[in-house]
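The values are calculated or read from the model by the stated rules, or taken from the named source; none is laboratory data. Given the structure is predicted, the values throughout are model-derived calculations rather than measurements. Cβ atoms come from the backbone with ideal geometry, glycine included; neighbour counts cover every protein chain shown. These accessible areas exclude ligands, DNA and RNA; they are computed on the full protein's heavy atoms, side chains included. Shrake-Rupley method; radii C 1.70, N 1.55, O 1.52, S 1.80 Å.
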Amino acid sequence: MTVRVGIIGTGVMGADHARTLATCVAGARVAAVFDVDTERAEEVAAGVSGAVAHADPMDLVGAADVDAVLVASSDATHEEFVLACLDAAKPVLCEKPLAPTVEGCRRILKAEQALGRRMVTVGFMRRYDEWYVGMRNLLEAGEIGSPLLLHCVHRNPSGPPGLPSQTLVTGSAVHEIDVARWLLGDEIAWVSCHRPRRSALVPGETQDPQFLVFETYGGVVVDVEVFANSGYGYDVRCELVGEQGTVSIGSPTGPITRRGGRESRTVAADWRERFAGAYRAELRDWVDHIEAGRPPAGASSWDGYVATAVAEACLGATPGGARTRVPLDPRPDLYG
Ligand code: ISE
């Protein structure tokens with residue numbers, strides 16, 4: 001069986017997913033695309049054999065030749081499209097965040113539960129990155145003892161002018177939130193947020209960088225730096241400190257150049273380069289599960305809801321103030 005995928009949103013990420021599905025994922029075919037920018041949708045469709053550009057996203061969701069949908073449109077539109085896919089009972093892979101508000105995530109959870117089976121996967125691709133998987137395996141094997149601290153750095157080379165300050169949390173730090181829960185197998189109970197001096201080089205009013213601290217129920221403390229305008233490259237790193245050792249993930253090492261008394265190496269330009277392998281593995285897994293008629297294996301809509309709940313608690317916390325409790329609904333049986 002070939003899984004015929006419809007892609008909603010053909011910006012940077014949607015176009016990248018279209019290429020990956022068309023060239024690296026056996027058993028999948030990009031059948032349809034939609035974008036608010038019709039030219040951009042047509043360009044992507046023209047680059048993928050057999051794909052057509054739809055003028056209406058709801059037609060794409062309902063199309064008889066679309067078996068599953070990948071949502072990579074702007075964050076605020078995710079909820080509407082995921083709900084439409086659930087209504088049509090089609091599996092959906094939604095880029096993170098599942099929805100930028102807790103209320104939006106709750107509506108998705110409710111619709112999925114009404115269907116009675118898991119249909120939604122959230123694109124937390126780091127769960128498929130071989131280094132993050134290796135770190136989790138080492139921890140689970142007891143190699144570094146019980147975890148105590150997790151230090152995370154998330155830097156982008158530059159953000160768009162006018163980037164809302166909250167997007168650094170709901171769009172970027174949300175990855176660290178998911179990684180912390182998934183790695184540690186523990187829930188984040190408390191958050192606090194800190195606002196360092198705003199970089200004078202950042203255009204507009206964006207609060208950049210930001211620094212967040214989480215505490216899990218098990219007592220692990222997680223610190224997160226998000227810096228959207230680091231100015232030098234895409235740099236995602238973390239170090240897990242255990243009772244008997246540490247595991248670190250650095251930026252992948254490219255070739256090292258030594259010249260004129262200096263040593264240098266390149267830093268990834270963006271997340272597509274750094275996490276290319278993870279995106280491939282994520283899409284293959286998603287398609288394999290659909291083909292086999294099994295529930296999806298990646299992050300669930302419950303994981304998406306929790307990530308947004310933690311992000312929302314960070315946004316509600318007083319900068320530099322006391323820690324804030326993360327309120328979580330009881331977990332429904334479907335996500336047991
Ligand atoms: C960006 O918005 C993303 O979607 C990527 O997944 C993330 O790695 C990146 O840092 C974000 O800024």
Return one whole number: the accessible area per residue of the chain in Å², for a 1.4 Å probe. 44
Any residue on another chain or 5+ positions along whose placed amide H is under 5 Å from the amide H of Val30 is listed here as Val5
In whole Hz, the Karplus estimates of ³J(HN,Hα) for the stretch 193-199 (6.51, -1.76, 1.60; θ = phi - 60°; x where Gly or Pro) are 10, 10, 10, x, 3, 5, 5
Scattering curve values for the stretch 215-336, log₁₀ I(q)/I(0), Debye with Cα scatterers, q = 0.14, 0.20 Å⁻¹: -1.02, -1.34
Which log10 I(q)/I(0) values, to two decimals, does the stretch 132-233 give at q = 0.16, 0.18, 0.23 Å⁻¹ under the Debye formula with one point per Cα? -0.71, -0.84, -1.15
Under the classification rounded if a/c is under 1.5, otherwise prolate if a/b is larger than b/c and oblate if not, where does the stretch 188-251 fall, given a ≥ b ≥ c as square roots of the Cα gyration tensor eigenvalues? oblate
Among Ile256, Pro319, Gly245, whose Cα lies farthest out toward the positive end of the dipole of the stretch 237-336, if unit charges sit on the beta carbon of Lys, Arg (+1) and Asp, Glu (-1)? Ile256
Only Lys, Arg, Asp and Glu count, each charged at its Cβ (+1, +1, -1, -1), so figure out the dipole size of the stretch 252-307 about its Cα centre, rounded to 20 debye. 520
With the dipole of the chain defined by +1 on each Lys or Arg Cβ and -1 on each Asp or Glu Cβ, the option from Thr121, Phe275, Ile144 whose Cα lies farthest towards the positive pole is Ile144
Which three extents, in whole angstrom, do the alpha-carbon atoms of the chain cover along their principal axes, largest first? 56, 53, 43
Among DSSP bridges having both ends in the chain, what percentage is antiparallel? Round to the nearest 5. 55
Report in % the part of the accessible area of the stretch 1-79 that belongs to carbon and sulfur, leaving out ligands and nucleic acids; probe 1.4 Å. 51
To the nearest 20 Debye, how big is the dipole of the chain about its Cα centre, given +1 on the beta carbon of each Lys and Arg and -1 on that of each Asp and Glu? 700
Would you kindly state how much longer the chain becomes between Leu334 and Glu243 on full extension, computed as 0.36 nm times their sequence separation minus their alpha carbon distance, in nm to one decimal? 29.3 nm
Can you list which of the chymotrypsin sites (Phe, Trp or Tyr not before Pro) found in the stretch 169-250 are DSSP loop residues with at most 13 other C-beta atoms within 10 Å? Tyr217, Tyr232
Based on the alpha carbons, how large is the Rg to Rh ratio for the stretch 219-269 when Rh follows Kirkwood? 1.08
So what's the net charge close to Val3: Lys and Arg +1, Asp and Glu -1, counting the other residues with Cβ under 10 Å from its Cβ? -1
For the stretch 285-293, take each phi angle, set θ = phi - 60°, evaluate the Karplus expression 6.51 cos²θ - 1.76 cosθ + 1.60, and give the result in whole Hz per residue in order, putting x for glycine and proline. 5, 4, 5, 4, 5, 5, 4, 7, x
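Within 10 Å, count the other beta carbons around each residue, average over each peptide in 154-163, 122-131, and list them highest first.
Numbers: 154-163: 17.4, 122-131: 22.5.
Highest mean packing first, the order is 122-131, 154-163.
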Relative contact order for the chain using alpha-carbon pairs under 8 Å, separation at least 6, rounded to a whole percent? 20
Could you give me the ³J(HN,Hα) list for the stretch 150-160, computed from phi with Karplus coefficients 6.51, -1.76, 1.60 and θ = phi - 60°, whole Hz, x at Gly and Pro? 9, 9, 10, 10, 9, 10, 10, x, 7, x, x
Carbon + sulfur, % of accessible area of the stretch 111-170 - ligands and nucleic acids excluded, 1.4 Å: 53
Measure off, as a whole percent, the carbon and sulfur share of the 1.4 Å-probe accessible area of the stretch 180-318, all protein chains present. 48
What percent do you get for the relative contact order of the stretch 6-136 when only Cα pairs under 8 Å and 6+ apart count? 20
Ratio of the Cα radius of gyration of the stretch 1-123 to 2.2 N^0.38 Å, where N counts its residues: 0.98
The size of the Cβ-based charge dipole (Lys, Arg +1; Asp, Glu -1) of the stretch 180-325 about the Cα centre, to the nearest 20 debye, is 580
Length-normalised contact order for the stretch 241-336 - Cα pairs under 8 Å, 6+ apart - percent: 14
Amide H contacts of Thr324 (H built 1.01 Å from N, under 5 Å, at least 5 apart or other chain): Val191, Ser192
